[in-house]
Amino acid sequence: MRLGTFGSMSAVYPPPQVVFQAPRLRPPSGASAETLVLVALILQVIGAAVLIGGILFLFGFAAFHPFAFAWLVVLVSGVVGAVALLFLYFAYEYSYLRIQRGEYAGAQAPTLVIGILSLFLGVIPGILYLIGYVKLADAIREQQSPATMYGPAFGSTPSPTPAVPQMACRGCGRVYFVGQFPFCPNCGQKLGS
């Protein structure tokens, strides 16, 4: 007895098991906090690049034009550059990555500390970190509130959308929302009465 090509395959091979994962709902304030911290990080990377470029210039200047305290200038510049790179690492690891993973409560304290310290190193990144800290508090509040605030809860039915009145153009018959256009974009006839 011969079965069809597709019939025999479905009898021999079981259907694949599909594991359904509920979509991870992300509060809008969490996305805003992530964007603010990312912009602050980018500005700090630019500042660190300028700082390290200046340090390299001082190394070169001290190598070709030695002066009495060149070693001290090079040492201080190297320490400042290392602190700037360490600061960037902590900001990325403890603030940005935690926000990306949705650990808003865990990212809140490091973001505040980094924001306060950044006010002394660069005003704009510090302000962005502090605004990101406020957005993290909003994201925590949104996570604790019912999911319908920023998306439907898993397993719930979406709320019905209110009916929007529509009207058809008398010239061509196309349907538009009431008040969407004063004249039909297709034929140019006045919509409404």
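General remarks:
- If you go through segment 162-171 and keep only what is without any contact (Cβ under 8 Å) to a residue 24 or more places away in the chain and surrounded by 12 or more Cβ atoms within 10 Å (Cβ to Cβ), you end up with Ala168, Cys169, Arg170, Gly171.
- In segment 74-105, the residues that are free of Cβ contacts under 8 Å to residues at least 24 places away in the same chain and crowded, with 16+ Cβ neighbours inside 10 Å: Val74, Ser77, Tyr94, Arg98
- Boolean, Gly102 is of a type outside the set (A, V, I, L, M, F, W, C) and at positive phi: yes
- Pair list, Cβ < 6 Å and 6+ apart or interchain, from segment 44-67 residues that are outside the structural domain of Val123 (by TED's automatic domain parsing) and farther than 30 Å from Pro125 by Cα to residues that are in a helix (DSSP H, G or I) and basic (Lys, Arg): none
- Counted as qualifying within segment 29-124 are the helices (runs of 4 or more DSSP H) with 3 or more residues that are modelled with pLDDT of 90 or more and either touching a Gly at 6+ places or on another chain (Cβ under 7 Å) or among the acidic types (Asp, Glu) (or both), namely 104-121.
- Flag if Val18 is at pLDDT below 80 and surrounded by 12 or more Cβ atoms within 10 Å (Cβ to Cβ): no
The values are calculated or read from the model by the stated rules, or taken from the named source; none is laboratory data. All values reported here derive from a predicted model rather than from experimental measurement. Backbone-built Cβ (ideal geometry, glycine too); neighbour counts: all protein chains shown.
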